[in-house]
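The values are calculated or read from the model by the stated rules, or taken from the named source; none is laboratory data. Everything numeric here is computed off the predicted structure, so don't read it as measured data. No Cβ is skipped: glycine too gets one built from the backbone with ideal geometry, and neighbour counts run over all protein chains shown. For the accessible areas, the whole protein counts, side chains as well, though only heavy atoms, and no ligand, DNA or RNA atoms are used. Shrake-Rupley method; radii C 1.70, N 1.55, O 1.52, S 1.80 Å.
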Amino acid sequence: MTGGGGFIGKHLCAALMQEGAEVKALRSSECDLLYYEQIEVSLQSESFDLIFHLAADVGGIGYMQAHGAEVYENNLLMNTQLLRAARRNGVGKLVNIASINCYPAEAEAPYLESSLFDGQPALPVLGYAYAKRAMLVHSELARQQFGFNSINLILDSVYGPGESFSLDTARVLPANVARFVDAAHSGVEEVTCWGTGEPVRDFLHVDDAVSAIIQSASIIESSAPINIGSGNPLSLRKLIVKIADQAGYQGSINWDHKKPDGQAVRYMTVDRLKSYIDWRPRIDLDDGIKAMIHHYRHEVLNR
């Protein structure tokens, strides 16, 4: 597994080992995916039935905008060289992981896999998105020319224990868990959130994402992209209210309409996934938020 030290990677490693798999997480210190020779050495050291490719040069919007060319180059190199080395060294299957950021900025939700190449991705994630799109093309071409087996899974917003709660770097769900738990604890009477709260998003618990990834890896034999999401989108306003209620926050919530909303509606259809595997999310959003709040209170604040 590449990216085994990351948020999703750690959960995926644990789930695979629980099922009895022997898992080797390739660390960048021992195998830098920017260097083809290092990948070859790692793949020749043992026989691998399956590679899960989660490693990526990715970060917040500020990082992606400031380092767009490097993000594109690094992801393109990692994706291309890993697939080539896996193909040439007898790996049974390569499971590539991408994100909803690959979709066109002007795509109509729910996003269909067939619309993936129908327009330009959002400008802040341009380098990452085009590198991941190139990975999808490479995967299909390698299947056609060499018969190499790789699949491509596109994740929506994944959340769960182990994510960053830093208000500077965290994504919307964990950031607001931290914000409202802190507000409830300190007795703050008013919390202001960005925008209107009207944008619609989809959130998938990491345990459900991992379950879908593992099932897909064992069943799917196609390079066509496949979306993975909960299929239950909601407005950010509803999300914030759920978090505030479960955090025990008693104050008021204001919305700063001068701040940007971002894309109005952004979520994916999961019909193709369900046509391949018998899967549905087990953890609903209310239970997931409750677990995140518990984790933040007991594992972060009490350190």
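Quick notes on this one:
- From Ile214, Ile220, Ile228, residue being in contact with a Phe, Trp or Tyr (Cβ under 7 Å, 6 or more places away or on another chain) and closer than 29 Å to Arg143 by Cα: Ile220
- Residue in the stretch 173-186 that is charged (D, E, K, R), farther than 16 Å from Leu285 by Cα and not in a helix (DSSP H, G or I) present: no
- Residue that is modelled with the lowest pLDDT [pool: residues in the stretch 187-216 that are assigned to a strand (DSSP E or B) and open to solvent by 60 Å² or more (accessible area, probe 1.4 Å)]: Trp194
- The set of residues in the stretch 60-74 being surrounded by 13 or more Cβ atoms within 10 Å (Cβ to Cβ), touching a helix residue (DSSP H, G or I) at 6+ places or on another chain (Cβ under 7 Å) and within 22 Å of Ala170 (Cα to Cα) consists of Met64, Gln65, Gly68, Val71.
- Look at (1) surrounded by fewer than 16 Cβ atoms within 10 Å (Cβ to Cβ); (2) touching a residue at least 12 places away in the same chain (Cβ under 8 Å) and you find that Arg272 fails only one, number (1).
- Of all residues in the stretch 101-111, those that are among the aliphatic types (A, V, I, L, M) and open to solvent by 60 Å² or more (accessible area, probe 1.4 Å) total 0.
- Scanning the stretch 217-260 for residues that are over 23 Å from the mean Cα position of the chain (by Cα), of a type in the set (Ser, Thr, Tyr) and open to solvent by less than 40 Å² (accessible area, probe 1.4 Å) turns up just one, Tyr249.
- Considering Ala98, Ala129, Ala142, Ala85, the condition of being within 17 Å of the chain's Cα centre (by Cα), surrounded by 19 or more Cβ atoms within 10 Å (Cβ to Cβ), over 21 Å from Val210 (Cα atoms) and hydrophobic (A, V, I, L, M, F, W, C) is satisfied by Ala129 alone.
- Being modelled with pLDDT of 95 or more and within 15 Å of Ala56 (Cβ to Cβ) is a property that Leu83 has.
- Filter pass, Ile154 being under 26 Å from Arg84 (Cα atoms), crowded, with 19+ Cβ neighbours inside 10 Å and of a type outside the set (S, T, N, Q): yes
- Hey, Ser114 modelled with pLDDT of 95 or more and open to solvent by 40 Å² or more (accessible area, probe 1.4 Å) or not: yes
- Residues of the stretch 156-178 satisfying the condition of being in contact (Cβ under 8 Å) with a residue 40 or more places away in the chain and either within 18 Å of Arg237 (Cα to Cα) or aromatic (Phe, Trp, Tyr) (or both): Ser157, Tyr159, Phe165, Val172, Leu173, Pro174, Asn176, Val177, Ala178
- When residues of the stretch 24-45 are limited to those that are under 21 Å from Tyr72 (Cα atoms) and part of a helix (DSSP H, G or I), the one farthest from the chain's Cα centre (by Cα): Glu37
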